[in-house]
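Engineer: First, the structure itself, so that you have it in front of you.
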Amino acid sequence: MTNKKSITLITNTRILNQSKTINLVKKILPFGLQRIQIREKSIPEKVLEKFVYDLRELTLGKCELILNGPIELVHKYQCDGVHMPDKGMPEEQMGIEYSSDLIIGRSIHENYKKGNKYEDFYSYVHLGPTFRTETHPTSSPLSRDKIREISGIAGLSVILVGGINTYNLDNLINYKISGIAVMRDLLLSKDPESTYINLEQKLNGTKHR
């Protein structure tokens, strides 16, 4: 169980609105969803706050909830962690502001270099884009060699992100990664339970009854 790779659902209410996202989470939680990252860059703070509240109520004790957003909301609604963009606050400042019991994640790209203290400070990193993705249409996918190089850095918990779905996941299972993060393949699925099960089976060889 300790080597089980995780699946993170990344929200995007421009693709699937809040109420439908809540319903999606209700459907796939029983199948072992490990983590949700709330990533909402274009909604008012009050609307975001309601979304965080609703997801926290639904997931508490069942699934980790990570907010890519204000630290105040992380603390107010007892989120499990915070996710920082690639060009976010320097880790030296974060070490003062963020409590050590939080899961702290960060996005990185191909310019990541070993030995910049991320290995010790961050609980995990999102590395991407793995494939072409509509979220970052101008970004080229990482090379297989670059994925292998960065995911092989000792002490760095790497989660691949960007365009991952049930059809291309087979290309990733042999990398030394902690898991994957998925957006559209789950948000747009007409049968999210089956989609999640297929992702889980391919990622970990798990069989669901």
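Every number in this text was worked out from the coordinates using simple rules, so none of it is lab data. Since the model is a prediction, treat every value here as computed from it, not as a measurement. Using ideal geometry, Cβ is built from the backbone for each residue, glycine included, and neighbour counts are taken over all protein chains shown.
Engineer: Given H placed on each backbone N at 1.01 Å, which residues far from Gly69 in sequence or on other chains put an amide H within less than 5 Å of it?
Structural biologist: So Gly69 has HN proximity to His83.
Engineer: What pairs from Lys41/Lys62; Lys76/Lys190; Lys50/Lys113 go past 31 Å between their alpha carbons?
Structural biologist: Lys76/Lys190; Lys50/Lys113
Engineer: Under 10 Å, Cα contacts only: if you run a Gaussian network model on the chain, which one of Gly32, Gly163, Gly69 comes out with the highest mean-square fluctuation?
Structural biologist: Result for the chain, Cα springs under 10 Å: Gly32 fluctuates most.
Engineer: Still on this structure, I have one more. Can you give the helix-only mean residue ellipticity at 222 nm for the chain, where every DSSP H stretch with n ≥ 4 adds -39500 (n - 2.57) and the sum goes over all residues, rounded to the nearest 500 deg cm²/dmol? Show your work: numbers first, answer last.
Structural biologist: Numbers: 8 runs with 68 residues, N = 209.
The helix contribution divided over the chain gives -9000 deg cm²/dmol.
Engineer: Further, regarding this structure: If I stretch the segment between Asp101 and Gln78 completely, what's the gain in nm (0.36 nm per residue apart, minus their alpha carbon distance), one decimal?
Structural biologist: Extra length available between Asp101 and Gln78 comes to 7.2 nm.
Engineer: Once you compute Rg and the Kirkwood Rh from C-alpha atoms, what is the Rg to Rh ratio for the range 157-201?
Structural biologist: Dividing the radius of gyration by the Kirkwood radius yields 0.95.
Engineer: Over all directions, the average projected area of the alpha-carbon convex hull for the chain comes to how many nm²?
Structural biologist: Over every viewing direction, the Cα hull of the chain projects on average to 11.3 nm².
Engineer: Can you give the Kirkwood hydrodynamic radius of the range 8-68 from its Cα pairs, in Å with one decimal? Spell out each step's value before the answer.
Structural biologist: Values: mean 1/r = 0.0868 Å⁻¹.
Computed over Cα pairs of the range 8-68, the Kirkwood hydrodynamic radius comes out at 11.5 Å.
Engineer: Average the reciprocal distances over every distinct pair of alpha-carbons in the range 113-209, invert the result, and give the Kirkwood radius in Å.
Structural biologist: Result for the range 113-209, one decimal place: 14.3 Å.
Engineer: For Ser42 paired with Asp170, estimate the spin-label separation in nm (one decimal), with each label point 7 Å from Cα along the Cα-to-Cβ line.
Structural biologist: 3.5
Engineer: If you don't mind, there's one more thing I want to ask. Could you compute Rg(Cα) / (2.2 N^0.38 Å) for the range 110-153, with N its residue count?
Structural biologist: It is 1.24.
Engineer: Hey, another quick one. Taking Cα centroids, how far is the range 136-187 from the range 4-55 in Å?
Structural biologist: One Cα centre to the other: 20 Å.
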